[in-house]
Structure formats: C-alpha cells, structure tokens
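In what follows, a structure is listed as structure tokens, so that the remarks can point back to it.
The values are calculated or read from the model by the stated rules, or taken from the named source; none is laboratory data. Computed from a prediction, not measured in an experiment: that's the story for all the values here. Ideal geometry is used to build each Cβ from the backbone, glycine not excepted, and the neighbour counts take in all protein chains shown.
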Amino acid sequence: MTEPTTTTDFIRQIIAEDLASGKHDRIVTRFPPEPNGYLHIGHAKSICLNFEVAREHPGHTFLRFDDTNPGKERREYAEAIKDDVRWLGFDWGERLTHASDYFERLYEAAVTLIRNGDAYVDSLSADEIRSLRGTLTEAGQDSPHRDRRVEENLDLFARMRAGEFEDGAHVLRAKIDMASPNINLRDPALYRIRKQTHPRTGDSWSIYPMYDFAHTLSDAFEGITHSLCTLEFEDHRPLYEWFLDKLQPDHRPRQIEFARLSLAYTITSKRKLTELIEQDIVTGWDDPRLLTIAGMRRRGYPAAAIRELCSRVGITKKNALIELGVLENCVREVLGPVAPRVMGVLKPLKVVLTNYPEDQVEMMTAQNHPADPSMGTRELPFSREIYIEQTDFLEDAPRKFFRLKPGGEVRLRYAYIIRCEDVIKDDQGNVVELHCTYDPETRSGGPQSDRKVKGTIHWVSAAHAMPATVQLYDRLFRNARPGAGGDYHDDLNPESLEVIDNAMVEPGLADLGADDRVQFERIGYFALDQGQPGVFNRIVTLRDSWKKIEQQQLADS
C-alpha cells in the first residue's frame, strides 16, 4: 500500500494523550455504515481515519453494519461496502459485526431504562409527537403518556416486541427533558414498531432500535475507545453520553467529531444519488461520474490517490468545500510515476505517406516511461498509412500552430518527420485524408534525428491499430455547489460523458489488464472499463482545465 502524506491532527493528539496517561493501552475504533446504499468520497475520509489511527497505535478497527432499518437495507449494499473498504486498503480481520448482533442486549438495556424510570412507551402518532417537540426557540411539551407507570411501560414494550401492535401505534422514548435547548434531548425515540423482515434476523423482531441508541451501546459493547464521527453528530453527543451515564456499561467510549469531506461539483446525498439512478441520469451506483467509491474504482482512480486526498485535506473542526481539482491532482501524482505511456488516437484522421514503400513495416522503439528508463521499451509497427488526431491538423492554421498544416512539417513521436503535401476532402468539404511525405533520414535515433521541427504528434499504424471505444468522463455538474440556486438538476453538465466509438490505439493495449493504468500521451490517463477489452475510461486529463472556473465559482459563493 502506498502510504499517504503523514499528518498530525487534534484527534491523533487526543489519542496520544490518552495512551500516554494510561487511560487506554490500545486503540479501538469502528466504521459503522448503514447498508442502505453505496459508499462515497465522504465515507472514504472516515474509513481512512478510523483504520489508520488504529493501525498507527496498538489497536484494531471494527467494520460494523448499522442494520437497524430493514426496509432500506440490502445484502447488495453490504457486500459493496466490504469491497470498497478492502479496495481502499483496509482489513477488519475477524471484527465484522452488525447492530443486529446486539438486538437482545439492546432490548435488555431499554428494559433497564424503563425500570429505572428513564424511558416510557408513548402512544401518540408521529405527527402528534412532532407537534409537541417545540422549536429551536420554544420548549417542547410533555406527552400525556410520559408519566405512565413502570409496570404499564414494561407490559406495552413487551407486547410491542411480541408483534401485537401495528406500525406507529407506540414508540419507546427516553425520558430526558422536553425543555432542553438541545432538541435531541427532548425525549428522543429509542424503539419503533416495524413489521418488516430483516436481512439477518428474519421476522424475529417487530421492533427496531433507533440509530443513536443502537450506535452508542454497540460502541460500548465492542470496547470502542474513540468513536469518531462527523460534525453533524456534535449535537447528538449529549444524548450519547446520557445513555452511557444511565446504563453504566462496562466500557465507556468517547465520541469525537471532525469535519466531513465535501468536494465541489459533487453530491453525496444517498437520496439524490438514488434519484439520479432511478431517473437514468447515471447508469448506477458505480457510474464513473459519481464520487461513490465504486464509481471512482470503475473509472480507474487508484486507491492510493483517495487515501492521499484524505490525508492532504486533514482532520479539522471546520467544514469546508474542497476543490475537486485537489482529488484530480492526487490521481495525477499517483499515476504519473507508474503509468506506462502509450499512444491512442481518439478521433482519427488518415495520413498516407506517399513516398513510403507500400508493403514495408518498420518497428519503432518507444519508451514506456520517458522519466523512468527502468520501465523499458516497446516496439511499435509503422507503415505507409497511419492515423493522427483530427485536432493535430488545421488547414487554415494560425502562425503559432506548430502541428500539421498544408506545407508544414511535424515529427511523428518515435518515428519520422513528415510534410503535408495535399489535403483530401469529401463532397461536403470535410478533410478526410492527408497525403504527406516522410524524410527517411529523420528516423528517431538515426543520423538526422536531431533535425528540429517545432511540433511532435502521436500516431498509430492504420494496418495494426486496435479499434477502441473511449469514454471521456467529465464533471457531472457545472456548478461547484450543485443545487445552491435551486434544483440540482439544473446544474447537470450535458457534456459529462462523450463516447467515441471509432478510436484507434496501439496494438499492445490488447493485453492490458483490468487493474492496469496507462497514459495516452498528450491526452490523459486511462483504464479499461470494468475490464472490458477495447473499452477505455478516461480517468483524468493531463491538466486541470476547470481550475480557473472552479476557483471563481467558489470565491463567488
């Protein structure tokens, strides 16, 4: 695993102090995803933090599925989450757990709260409970069922478990303070009735615990030392501590919040991601335009670049929107030193070398990486007919256009200098072919290979090139803050995907593996799409063409 940039942050400082003081002799963390969708770039930050701080010290990390909402959970999502965590480079070993592992213990903890007068069964409807909750400036009101006797609460709760009541008939609530300025402490729900089949426990349960209750006690049951979560849970921390105070488990974890990772031009809301999929705007959770971990993996992003981004952004207490270019630069920095260079022509223009022997084929020696001789060389076939990029020729070229033009010369990478002699057009006046001559004395590495021309372009031999489909992915949204001005659909980028069906690439790419990454010289970094031979995804361009636009949009907002 390529190690990310090392950082020191306030969470690591807290952990170091706890170890130095003897409060803990090992660190235990957890990553607790809900199996109700695929993971995204924001989850990657939490994954890296939780696994890395445990690895940096004596300790380990649990992968715990928060499977308390069976109506939205699927085995597909759970398996995808495990794949994503492994791909990022982390291993939970034998510590794969589920909130459902603790359903019986959680139920007994709820019974303890009832017996101690700290919880009650409320028979109001959800709308009635909401109407009594109050606002940020007005206190809530007690439910008329708040003072039910302990025996009645125990009886009702047992009958809720037994399945006697319909969904919504009752809810178990903590008895805290309906006048608390923190709305999370205004008698929050602990259990609700849900007559739904659970993926792991089947129909054994008719009631399911709420997240705050299940999460707190699962942390305690597993001996978590530092429960690391994003800032939106900061207001939930008093409730987390209330549960621990009231139930006094054998182990008391500490919750610490940090800023989430938010990237410009990106949405990570599971609801909105689901909408994009259901509306066929994207092809699925692994669409390469999404910053889901599955999407980034399919696009060809290296896991090391994701880890480097998380390290580079750092762990702070202040939310900020990070330029997407930071992630893209991490990708370039990881791939740049290791990705072999190859030649691919995305939009071919045929060039006939009229003075080149018709049946001759030469092998040209090309470097696999100009900056790393240890990566060796490869042999490229060269023949009378080649393809170049359409954009590498202009009939009415400006003075400073140093690629091919009528009467102009250009060097073919690793081959010869050629001169454009004639331009062939179709009936509509479109350029369809160039007739050129080559200078046989200018072969790369030959006696006159140092003859200077101002332009060098890439090419492939028409007779030997491999046909390819190239998928050019760009940002899914045109606005750095999608939806900031209203409907996020209005910010969709209609040019987020361009599919080129008639590309031509050098023949050696037929042997490219599913995990290989290459740089198409002068174009960008590419990978096979889901390992499909001949279908290439652009991972990232060689340069950030959005940088000025992005900086201006973020400044304006």
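Summary table below
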| item | result |
| --- | --- |
| Residue within the stretch 369-379 that is in contact (Cβ under 8 Å) with a residue 60 or more places away in the chain and either among the aromatic types (F, W, Y) or assigned to a loop (DSSP other than H, G, I, E, B) (or both) present | no |
| Residue ID - surrounded by the fewest Cβ atoms within 10 Å (Cβ to Cβ), chosen from residues in the stretch 248-289 that are among the aliphatic types (A, V, I, L, M) and touching a Lys or Arg at 6+ places or on another chain (Cβ under 8 Å) | A259 |
| S180 small (G, A, S), assigned to a helix (DSSP H, G or I) and either in the same structural domain as A126 (by TED's automatic domain parsing) or touching a residue at least 24 places away in the same chain (Cβ under 8 Å) (or both) | no |
| Extreme residue, surrounded by the most Cβ atoms within 10 Å (Cβ to Cβ), among residues of the stretch 363-399 that are over 15 Å from C420 (Cα atoms) and in contact with a Leu (Cβ under 9 Å, 6 or more places away or on another chain) | F382 |
| Which numbered condition R271 misses (of (1) of a type outside the set (A, V, I, L, M, F, W, C); (2) assigned to a helix (DSSP H, G or I); (3) touching a residue at least 24 places away in the same chain (Cβ under 8 Å)) | (3) |
| Residue match in the stretch 132-146 (condition: part of a helix (DSSP H, G or I), over 27 Å from D203 (Cα atoms) and touching a residue at least 12 places away in the same chain (Cβ under 8 Å)) | yes |
| Members of the stretch 314-361 that are small (G, A, S), in a loop (DSSP other than H, G, I, E, B) and either closer than 24 Å to L512 by Cα or touching a strand residue (DSSP E or B) at 6+ places or on another chain (Cβ under 9 Å) (or both) | A320, G336, A339 |
| Of all residues in the stretch 305-349 being among the charged types (D, E, K, R) and under 19 Å from F10 (Cβ atoms), the one that is surrounded by the most Cβ atoms within 10 Å (Cβ to Cβ) | R312 |
| A78 vs. criteria touching a helix residue (DSSP H, G or I) at 6+ places or on another chain (Cβ under 9 Å) and in a helix (DSSP H, G or I) | no |
| Every residue from the stretch 110-159 that is closer than 16 Å to I176 by Cα, surrounded by 20 or more Cβ atoms within 10 Å (Cβ to Cβ) and among the aliphatic types (A, V, I, L, M) | A110, L113, I114, A119, V121 |
